[in-house]
Amino acid sequence: MGALSGQVATRDGRTLSYLEVGDSEGPLVLHNHGGPSSRLEARLLADAASKNRLRLVCIDRPGMGQSSRQNARTYARWADDLVTIADALGHHEFGVTGWSEGGPWAVAAAAYIDPLRLRHVTSIAPGSYGVFGDNWAAEYLSKADALGGSLALRFKPGFRLMYAVLGITAKHFPESFVKQIRNGAGDYDKEILLRPEAATAFGDSCAECFAHGSDGLVRDAELLYRSWAFDVTKIERPVHMWQGLDDRLVPDPINKTVADRMPGAVWHPVEGAGHLVAVGAGDDIFRIAAEELGAP
């Protein structure tokens, strides 16, 4: 099927917007987009979802894309929102995936949602920056990302300015934005972003993140850098963690440490892959999701 847009109302009066791809009759997978990104990220994963006969629904998190703002953001409240969306779409059982800055929200779902309902969890190259304390992964990050964490914790005006500038570039100069990302990437990611359709989908998804400014992304990212509100060392249910071993945005030692300390982690290293492993290894990632969710 083609991509379908929709909205779901939350119990507290907010609106969550989503884009659906794949098989409308298949098991439901709720996808957490990266940052900066949006529901349009679903387009990058559509082929893999269709091939594995999954109903993949990517939701704009609060304040991003076309979803309403939410002043008091927490991992637990987002888990509640995911359940609300599954209910609205008519699914009792469902899976959750997340990529990059969306990865931690998938892990949080594993911590907060009843496993009788949440039947599959995948976290892809997650930005696990605060999992073991405030900005704990700084030593592994690029100087820019480590600085972002420091600003998020110690100088919010600077953090907001950094994301505002990023938003201007992504929204008004999307080709330049994608080119900047491509120039700083390894060969694996460059090859993907040299595909015209992938570059366009990636650029559109990032630009849409800033449809109403950068505040939503700022609030989202702040939570990632601060010490997480849940304990991954107590998550015993399976959580598939996919990691490119040539990821230059979220280097593999970060998430290997998480996987080693999370009892339910299933580690999937991909040799030579970069941060866009969600696209490059999408068939394999969603094949496992389909198997665990019982796709036909």
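Counting only C-alpha contacts under 8 Å and six or more residues apart, can you give the relative contact order of the range 143-251 as a whole percent?
32
Answer rounded, prolate or oblate for the chain, using the Cα gyration tensor with square roots of eigenvalues a ≥ b ≥ c: rounded when a/c is under 1.5, else prolate when a/b is larger than b/c, else oblate.
The shape class here is rounded.
Going by how many other Cβ atoms sit within 10 Å of their own, how do Tyr112, Tyr129 line up, fewest first?
Tyr112, Tyr129
Run the simple label-point estimate for Ala144 and Asp283 please: 7 Å along Cα→C-beta, distance reported in nm.
Going from the Ala144 label point to the Asp283 one covers 3.2 nm.
Would you kindly calculate the translational diffusion coefficient of the range 149-260, applying Stokes-Einstein with the Kirkwood radius from alpha carbon pairs, for 20 °C and a viscosity of 1.002 mPa s, and quote it in µm² s⁻¹ without decimals?
132
If amide hydrogens are placed 1.01 Å from N in the peptide plane, which non-local residues have theirs closer than 5 Å to the one on Ala273?
Under 5 Å from the amide H of Ala273 lie the amide H atoms of Leu245, Asp246, each far enough along the sequence or on another chain.
To the nearest 500 deg cm²/dmol, what mean residue ellipticity at 222 nm is calculated for the chain from DSSP H runs of n ≥ 4 alone, each contributing -39,500 (n - 2.57), summed and divided by the residues?
Here the helix-only value at 222 nm equals -13500 deg cm²/dmol.
Rounded to whole Hz and in sequence order, give me ³J(HN,Hα) for the range 261-267 from the Karplus expression 6.51 cos²θ - 1.76 cosθ + 1.60, θ = phi - 60°, writing x for Gly and Pro.
Whole-Hz 3J(HN,Hα) from phi for the range 261-267: 9, 9, x, x, 5, 10, 8.
State the number of lysine pairs found in the chain whose Cα atoms come within less than 19 Å, restricting to pairs 8 or more positions apart or on distinct chains.
4
Could you give each residue of the range 131-143 its phi-based ³J(HN,Hα) in whole Hz, using Karplus coefficients 6.51, -1.76, 1.60 with θ = phi - 60°, and x for Gly or Pro?
Each residue of the range 131-143 in turn: 4, 10, x, 3, 6, 5, 8, 3, 5, 8, 8, 5, 4 Hz.
Give me Asp80, Asp252, Asp12 ranked fewest to most by other Cβ atoms within 10 Å of their Cβ, as a rough exposure proxy.
Asp12, Asp80, Asp252
Can you check what the net charge comes to around Asn71, using other residues whose Cβ is under 13 Å from the Cβ of Asn71 (Lys, Arg +1; Asp, Glu -1)?
With Lys, Arg at +1 and Asp, Glu at -1, the neighbours total +1.
Just to confirm a number: summing +1 for Lys and Arg and -1 for Asp and Glu over residues other than Ala42 whose beta-carbon lies under 15 angstrom from that of Ala42, what do you get?
In short, -3.
Under a Cβ-only charge scheme (Lys and Arg +1, Asp and Glu -1), can you give me the dipole magnitude of the chain about the Cα centre, in debye to the nearest 20?
Magnitude of the dipole: close to 780 debye.
Please report the antiparallel percentage of DSSP beta bridges with both residues in the chain, rounded to the nearest 5.
30
Sorted from fewest to most neighbouring beta carbons within 10 Å, what does the list His212, His33, His275, His91 look like?
Neighbour counts put them in this order, fewest first: His212, His91, His275, His33.
What are the ³J(HN,Hα) values, in whole Hz, obtained from phi via the Karplus relation 6.51 cos²θ - 1.76 cosθ + 1.60 with θ = phi - 60°, for each residue of the range 116-128 in sequence order, with x given for Gly and Pro?
Karplus-based 3J(HN,Hα) across the range 116-128 equals 6, 9, 8, 9, 7, 9, 10, 10, 10, 6, x, x, 7 Hz.
Bear in mind that the values in this text are calculations on the coordinates, not laboratory data. Keep in mind the model is a prediction, meaning the values are calculated, not measured. Heads up, the Cβs are rebuilt from the backbone with ideal geometry, glycines too, and the neighbour counts pull from every protein chain shown.
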